[in-house]
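First up is the structure itself, then whatever we jot down about it.
The values are calculated or read from the model by the stated rules, or taken from the named source; none is laboratory data. What you see is a predicted model, and the numbers here were worked out from it, not measured in a lab. Note that each Cβ is placed from the backbone with ideal geometry, even for glycine, and that neighbours are counted across all protein chains shown.
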Amino acid sequence: MAASKSFFAPLLACGLLAGSCVQGDLSGVRDVPLGPNVEEWREEIIYQLLTDRFANGDAQTDHRIMPGALARYQGGDWQGLIDHLDYLEELGVTSLWISPIVLNVDFDAGFDAYHGYWAVDLERLNPHFGDLATLRAFVNEAHARGMSVLLDIVTNHLGQVFYYDINGNGQPDDSIAGSGTRSPLSRISEYDPDYDPRGIQGYTSLGESGPAIIRFFDMPEIFRVLPNPPVFQNPEVYNRRGRIVDYNVREQVVLGDFPGGLKDLDTTRQDVRDAMVDAYVRWVLLTDIDGFRIDTLKHVEYGFWEDFAPRVRQRLAERGKTNFLLFGEAFDGDDALLGSYTQPGRLDSVFYFSQKFWVFQDVFQRGGATSQIARLFAQRGANYGSAPQEGGVGVAPRDLLVNFMDNHDVPRFLYDRPDAQGPAALRAALAYLLTEDGIPCIYYGTEQEYAGGNDPANREPLWWSGYRTDGETFRWIARLTRIRRGYRALTHGDFQLVWTTEHTGAEGDAGVVAFERQSPDGDYATVVINAQGAHGSETGFEGNAMRLERAPGSTLVDVLSGESFSVGADGTLRVAVGPYGARILVPQDQVIGGL
Ligand code: ABC
Ligand code: CA
């Protein structure tokens, strides 16, 4: 397919297509004025979107798109984000996490880099999404509406920028006969060979011939060119051990290529660390974005984070950008492992993956006992950083976890709940997500009740929905985001579970989870949710009932229904909540009208 002139213009200007990049790049471009923008990250509500899938606002960037083929580019861009800020404002989200922006290897093995995780040049933008002026305009307009912007970055690997020339024939072979310890009958790929602790070995007819030759690609038509900055053109900066085959082996996870041929960088090298700090700090200086969502934490040694995080904070603070959020993705159910990335000197926060599995999946999706929520919460204090990071965002990591129920790497919540009650279960889960402590994160399309399965089916274009704002789930999120932002107890309060249960059947309290949130200023809320849909339940069982830190006789008002409840003489409160229902109870004198 022929490329349009305008699409390649930004690259032609820098000579990329001619194989070099000497002029017209962004190195001479002036920085923008920076400001902290976000005062308090606990007040933010993140919305995760893939730029290619959110909105197509500029037909000029529609290069190689294949509408409906979800492993290929669909045409979304930064102009599309600008065009739909009203939609996001109506939903009530405040912090927009956009997919990676840098130039990628455009196409590989039937897949496109529409997601952005296949970097080839950290100093240039991916032209599928627009140019610097449009990106800046997007950040500016988001800021003007009181929103912040989070950028997704990858430090662990680049895209498939080279192949291992194992048989030394000077060309990349999809499949060649195996060698060394492998059976001679096995076939291996020069793009993505299996992990070898010695490094990938070459061979000749005489046997193994030492480390395989590394050959970089030169396919400018799909941006599969020499990586940039130039330090990445040195084979020594890669670990060169082939792909992770066993995620349970730590050495492979840290030193192996990411499955799909994404080449693992030797992140212990100072030149690699410097290049990452320089490249990503530069994007902040150029655009004034407010934080990084960092990919693949598990695949990088701790020493890297202890170098990267403080230096990024310092470099940005020097330019006036304080309170910059650094959080990341360790895809794992092991709560202690997640917490390890938030220990002193590391990151401000991580995605709360253990909660995704233990709570959103096991309890809200599958009807497991809410006592599991208490079992996970009991580990929080021991596993996560208990003091704010130096020079960071001022809140202890354990009070700032990023809560989510699904994302672009896992099937959507509704995929596993195709039954008629699925949307009600989703709304109960959303009630929990938007009232618990930490920062809520909503994956785009949740508001439209999207139900896609595994990658890439879970990355549906949002325009398929017509951007409707009148659906029940859209309205529910819009209501909860306003309540969350209105009641300080829900953003600044602590978190104490006051009722969970082992019961999942016909018992009177089956499915109930209730918690109290109280801020140092005296703001207070009790949230009661029924995580099952078979019957109404209440916050008590037999002789016991939920006990609150409220004076006997005081009145609590459910801001969702307007109903009032009176705390009993013994400090307990027995509240009924319908199937998949929720109540947000606040003291009568704290009720805010109109929410
Ligand atoms: C493409 C295709 C896929 C194909 C794949 C090989 O290639 O689309 O269909 O299967 C990007 C793209 C992907 C693309 C990949 C590779 O690149 O988005 O579409 O896949 O080209 C991050 C990002 C993710 C991104 C990358 C790479 C990393 O969010 O979007 O992918 O930059 C691992 C990583 C994690 C990564 C995730 C996709 O894979 O650790 O960083 N996400 C276990 C492992 C995890 C593993 C997970 C999924 O499986 O422990 O490390 O995540 O593979 C729990 C356990 C967990 C366990 C889960 C399944 O169960 O506690 O440990 O996770 O109970
Ligand atoms: Ca690594």
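Going through 498, 575, 567, 527 one at a time, which residue ends up being closer than 30 Å to residue 39 by Cα, outside the structural domain of residue 43 (by TED's automatic domain parsing) and surrounded by 15 or more Cβ atoms within 10 Å (Cβ to Cβ)? Answer to the check: 527. Please tell me if residue 442 is closer than 30 Å to residue 58 by Cβ and in contact with a helix residue (DSSP H, G or I) (Cβ under 8 Å, 6 or more places away or on another chain). The answer is yes for residue 442. Filtering the range 223-253 to residues that are out of contact with any Asp or Glu (no Cβ under 6 Å at 6 or more places or on another chain), among the β-branched types (Val, Ile, Thr) and within 15 Å of ligand 2 (Cβ to nearest atom) leaves 244, 249, 253.
The condition (being over 28 Å from residue 365 (Cβ atoms) and crowded, with 16+ Cβ neighbours inside 10 Å) is satisfied by just one residue among 503, 492: 492. Screening the range 265-280 for residues that are closer than 30 Å to residue 34 by Cβ and not in a helix (DSSP H, G or I) and picking the one that is farthest from ligand 1 (Cβ to nearest atom) gives 269.
The set of residues in the range 309-351 that are assigned to a loop (DSSP other than H, G, I, E, B), under 17 Å from the mean Cα position of the chain (by Cα) and more than 14 Å from ligand 1 (Cβ to nearest atom) comprises 324, 342, 347, 348. Listed by first and then second residue, the pairs with beta-carbon distance under 8 Å, at least 6 apart or on different chains, first residue in the range 326-350 and farther than 22 Å from residue 408 by Cα and surrounded by fewer than 22 Cβ atoms within 10 Å (Cβ to Cβ), second modelled with pLDDT under 95 and among the hydrophobic types (A, V, I, L, M, F, W, C), form an empty list.
Against the test of being under 28 Å from residue 399 (Cα atoms) and in the same structural domain as residue 362 (by TED's automatic domain parsing), the options 515, 474 yield a single qualifying residue, 474. Could you list all residues from the range 424-447 that are touching a Leu at 6+ places or on another chain (Cβ under 7 Å) and not in a loop (DSSP other than H, G, I, E, B)? Those that are touching a Leu at 6+ places or on another chain (Cβ under 7 Å) and not in a loop (DSSP other than H, G, I, E, B): 426, 430, 431, 439, 440, 447.
Does residue 354 qualify as being more than 17 Å from residue 416 (Cβ to Cβ) and assigned to a helix (DSSP H, G or I)? So residue 354 passes the test.
Here's the yes/no breakdown for (1) within 12 Å of ligand 1 (Cβ to nearest atom); (2) within 25 Å of residue 135 (Cβ to Cβ):
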site	(1), (2)
235	no, no
246	yes, no
254	yes, no
258	yes, no
263	yes, no
282	no, yes
288	no, yes
293	yes, yes
307	no, no
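Every condition in (1) within 16 Å of ligand 1 (Cβ to nearest atom); (2) closer than 21 Å to residue 526 by Cα; (3) surrounded by 20 or more Cβ atoms within 10 Å (Cβ to Cβ) holds for residue 444 except the one numbered (2). Looking at 160, 79, just one residue is crowded, with 20+ Cβ neighbours inside 10 Å and either farther than 25 Å from residue 258 by Cβ or under 18 Å from the mean Cα position of the chain (by Cα) (or both), and that residue is 79. Taken as a whole, the structure places residue 398 among residues that are more than 28 Å from residue 451 (Cα to Cα), buried (at least 18 other Cβ atoms within 10 Å of the Cβ) and free of Cβ contacts under 8 Å to residues at least 60 places away in the same chain. Looking only at residues in the range 254-267 that are farther than 8 Å from residue 243 by Cβ and among the acidic types (Asp, Glu), the one that is nearest to ligand 2 (Cβ to nearest atom) is 264. In the set (1) touching a strand residue (DSSP E or B) at 6+ places or on another chain (Cβ under 6 Å); (2) without any contact (Cβ under 8 Å) to a residue 60 or more places away in the chain, residue 404 fails one condition alone, (2). Filtering the range 199-233 to residues that are part of a loop (DSSP other than H, G, I, E, B) and either surrounded by 14 or more Cβ atoms within 10 Å (Cβ to Cβ) or without any contact (Cβ under 8 Å) to a residue 12 or more places away in the chain (or both) leaves 199, 200, 205, 206, 212, 217, 223, 225, 226, 227, 229. Quick check, is residue 406 crowded, with 24+ Cβ neighbours inside 10 Å, of a type outside the set (A, V, I, L, M, F, W, C) and closer than 26 Å to residue 343 by Cα? For residue 406, the condition - crowded, with 24+ Cβ neighbours inside 10 Å, of a type outside the set (A, V, I, L, M, F, W, C) and closer than 26 Å to residue 343 by Cα - is met. The single condition among (1) modelled with pLDDT under 95; (2) in a loop (DSSP other than H, G, I, E, B) that residue 17 does not meet is (2). Among the residues here, residue 303 does not qualify as within 16 Å of ligand 2 (Cβ to nearest atom) and not in a helix (DSSP H, G or I). Going by the structure shown, is residue 389 over 19 Å from residue 514 (Cα atoms), touching a residue at least 12 places away in the same chain (Cβ under 8 Å) and surrounded by 23 or more Cβ atoms within 10 Å (Cβ to Cβ)? Yes; evaluated as a whole, the condition is true for this residue. Assess whether residue 583 counts as being under 30 Å from the mean Cα position of the chain (by Cα), modelled with pLDDT of 95 or more and among the charged types (D, E, K, R). In short, yes.
Residue 297 meets each of the listed conditions (1) free of Cβ contacts under 8 Å to residues at least 60 places away in the same chain; (2) within 19 Å of residue 346 (Cβ to Cβ); (3) touching a strand residue (DSSP E or B) at 6+ places or on another chain (Cβ under 9 Å); (4) more than 16 Å from ligand 1 (Cβ to nearest atom) apart from (4).
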